[in-house]
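The values are calculated or read from the model by the stated rules, or taken from the named source; none is laboratory data. Since this is a predicted model, take the numbers as computed values, not measurements. Please note: Cβ atoms are built from the backbone with ideal geometry, for glycine as well, and neighbour counts cover all protein chains shown.
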Amino acid sequence: EAYEIEHLVSTVQRVLYASRTGGSGLPVGLHRLVGRHIEALRSVLCVKRQQ
């Protein structure tokens, strides 16, 4: 579970950093990827809180 959380956060951080340093903003495909990862992270955290 901790690995899954770390993976999700790390992926989002890398995508956001790359888009910020590239200066072109976040392309639509990456925007969707970030959204999916954030939703997955929320799901994992909700399950963890319920335990």
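Points worth noting:
- With respect to the stated conditions, VAL47 fails to be surrounded by 10 or more Cβ atoms within 10 Å (Cβ to Cβ), in contact with a helix residue (DSSP H, G or I) (Cβ under 8 Å, 6 or more places away or on another chain) and not charged (D, E, K, R).
- For the residues ARG14, ARG42, ARG36, the requirement of being assigned to a helix (DSSP H, G or I), at pLDDT 85 or above and either surrounded by 12 or more Cβ atoms within 10 Å (Cβ to Cβ) or under 8 Å from the mean Cα position of the chain (by Cα) (or both) singles out ARG36.
- For THR21, the test of being touching a His at 6+ places or on another chain (Cβ under 8 Å), on the phi < 0 side of the Ramachandran plot, without any contact (Cβ under 8 Å) to a residue 40 or more places away in the chain and assigned to a helix (DSSP H, G or I) is failed.
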